[in-house]
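Below is one structure, written out as structure tokens; comments come after it.
Every number in this text was worked out from the coordinates using simple rules, so none of it is lab data. Computed from a predicted structure; not experimentally measured. We place every Cβ from the backbone using ideal geometry, glycine too, and count neighbours over all the protein chains shown.
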Amino acid sequence: MTDSPTTGSPHGKAVLRELSPQHRQLRKAIPDVYKGFAELSGAAFADGDLDRKTKELIALAIGVVEGCDGCIASHGQSAARAGATRQEAAEAIGVTFLMHGGPATVHGARAYEAFCEFADAIAASEQAV
């Protein structure tokens, strides 16, 4: 199910590229709100008793349940960067099936594909070094 870094997933980097100009435009209109959100995000994802990787997997799972492709892409990328494995991502996504049923199987498959795209890109960049 993994794509090569050159093919990509329509639910990974493509989603982030699509949303980026929209976020930039809105950020210009409400910079203080974005600043506050960034501070909240930093606090929520800071290592504590739960490490960042675990928190990103939780956020990825919430993105699946909410059916949010932007959340799936963002937290899939962040989970991969935090060192989550494909199996860890798959298991976190598996919990969403229990908690959200059939719709999670659709968004879960998208999330796994996106996660694998980011994991492949990280692996390729590490091999290039």
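The table below gives the values:
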item: Cysteines in the chain that, by Cβ-Cβ distance, have no pairing candidate under 4.7 Å; result: CYS116
item: Mean-position separation - Cα centroids, the range 100-129 and the range 1-80, in angstrom; result: 13 Å
item: Projected label distance in nm at MET99 and ARG27, using a 7 Å step from Cα toward the beta-carbon; result: 2.8 nm
item: Relative contact order (%) - criterion: Cα under 8 Å, at least six apart; region: the chain; result: 37 percent
item: Of the DSSP H helices in the chain, those whose Cα atoms cover at least 27 Å axially and whose Kyte score averages 1.6 or more; result: none
item: Virtual spin-label span in nm between ALA14 and ALA43, 7 Å along Cα→Cβ; result: 3.8 nm
item: By average C-beta atoms within 10 angstrom, highest first, the peptides 71-77, 13-19, 101-107; result: 71-77, 13-19, 101-107
item: Cα gyration tensor, the range 17-58 - rounded (a/c under 1.5), prolate or oblate; result: oblate
item: Cα shape, the chain, gyration tensor, a/c 1.5 rule; result: rounded
item: Tensor-based shape of the range 25-88 (alpha-carbon gyration tensor, a/c under 1.5 rounded, otherwise prolate or oblate); result: oblate
item: Cα extents of the range 75-126 along the three principal axes, largest first (Å); result: 36, 15, 15
